[in-house]
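J.: This is the structure I have questions about; it appears just below.
Values in this text are rule-based calculations from the coordinates and carry no lab data. If you're wondering where the values come from, they're calculated on a predicted model, not measured in any experiment. Don't worry about glycine lacking a Cβ; one is built from the backbone with ideal geometry, like all the others, and counts go over all protein chains shown.
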Amino acid sequence: MTHPLNDRQVEEYHREGYVIARGFFDGEEIDLLRRAAKEDRALDEHSFGRADGEGGTVRLSLWNHPGDGIYGMFARCERMVRSVEKILGGEAYHYHSKMIMKDARVGGAWTWHQDYGYWYQNGVLFPLLTSVSIAVDPSTQENGCLQVIPRSHELGRIDHLLSGDQAGADMERVTAVLERLPLVYCEMEPGDAVFFHANTLHRSDMNRSDNPRWSMICCYNAARNDPYKDSHHPRYTPLSVVPDGRIKDVGVRRFAEGGDVAWLADEKDRSASSLKKGL
């Protein structure tokens with residue numbers, strides 16, 4: 001039986017800007033997610049690429065509202081939501097989720113960035129957001145695991161510019177930060193989850209291995225941090241929490257045509273394109 005984050009883990013999150021929860025989802029739960037995702041034609045059909053500025057492309061699918069399928073059960077389960085509420089200090093809502101599909105040998109990199117570096121453009125006034133990356137496949141240095149700079153959330157928001165199709169942090173500042181703070185590779189087993197602050201600097205390398213690295217990232221905003229304007233991501237929408245057992249109850253349910261997932265099309269994802277191109 002897995003549980004929400006404990007007080008020690010929440011303290012570590014606020015001190016370091018991230019925390020890894022080992023075995024946050026059990027083997028049966030993550031097997032159901034993996035099978036559903038990799039057999040989901042709608043997920044594949046709604047995927048799009050993001051050039052990384054290094055010659056590679058990251059493939060992802062993105063949706064705003066969690067729905068009632070297995071993806072929604074992960075995002076809405078009590079274990080997840082109560083953990084996020086402890087981190088954010090109150091009610092939270094689902095900001096969006098995405099499946100990152102780093103396929104073997106071809107999955108591109110993500111440049112250094114803060115999530116708030118571009119969510120700021122969406123009318124979100126405070127960095128009271130958190131992301132939870134769930135390892136669907138083993139996540140290693142070789143297949144391009146998440147990298148973070150501990151305590152970088154204390155820097156505040158750094159200027160971001162376009163790097164390929166992605167929003168990248170000012171590299172002059174990132175280079176200076178790396179001279180003072182360490183870099184951590186978040187290697188994880190399937191079912192592990194890393195919670196990270198909206199201002200934590202993070203990136204990942206291209207997948208140069210023979211093994212895929214898929215991960216599902218669920219992002220949440222504090223209810224009291226409702227954006228002051230509309231954007232391609234939702235304003236406050238009450239989140240209907242479900243018991244943890246609903247993950248296994250829903251199992252490998254397929255999505256009907258169109259399904260209940262509010263897919264976000266490539267052309268509507270303006271998080272990076274709202275920034276000015278770097279010179």
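J.: Once R0 is set to 35 Å, what does the formula 1/(1 + (r/R0)^6) return for the Cβ-Cβ distance between PHE48 and GLU179, expressed as a FRET efficiency to the nearest 0.05?
T.: Using R0 = 35 Å, I get an efficiency of 0.45.
J.: Hey, can you rank 200-206, 120-126 by average C-beta count inside 10 Å, highest first? Write out the running numbers ahead of the final one.
T.: Numbers: 200-206: 24.0, 120-126: 17.1.
Packing order, densest peptide first, comes out as 200-206, 120-126.
J.: FRET efficiency for ASP26 and GLU172, Cβ-Cβ distance as r, R0 = 51 Å, nearest 0.05?
T.: The formula returns an efficiency of 0.70 here.
J.: A further question follows. Which value, in debye to the nearest 20, describes the size of the charge dipole of the chain about its Cα centre when Lys and Arg Cβ atoms bear +1, Asp and Glu Cβ atoms bear -1, and nothing else is charged? Please list the in-between numbers first.
T.: Working: 34 positive and 42 negative charges, 86 e Å.
Here the chain has a charge dipole of around 420 debye.
J.: Same structure, new question: What FRET efficiency comes out for GLU154 versus ARG224 if R0 is 22 angstrom and r is the Cβ-Cβ distance? Round to the nearest 0.05.
T.: Step by step, r from the Cβ atoms, then E = 0.55.
J.: Consider just the alpha-carbon atoms of the chain and return their Rg together with their Dmax, both in angstrom.
T.: 17.2, 51
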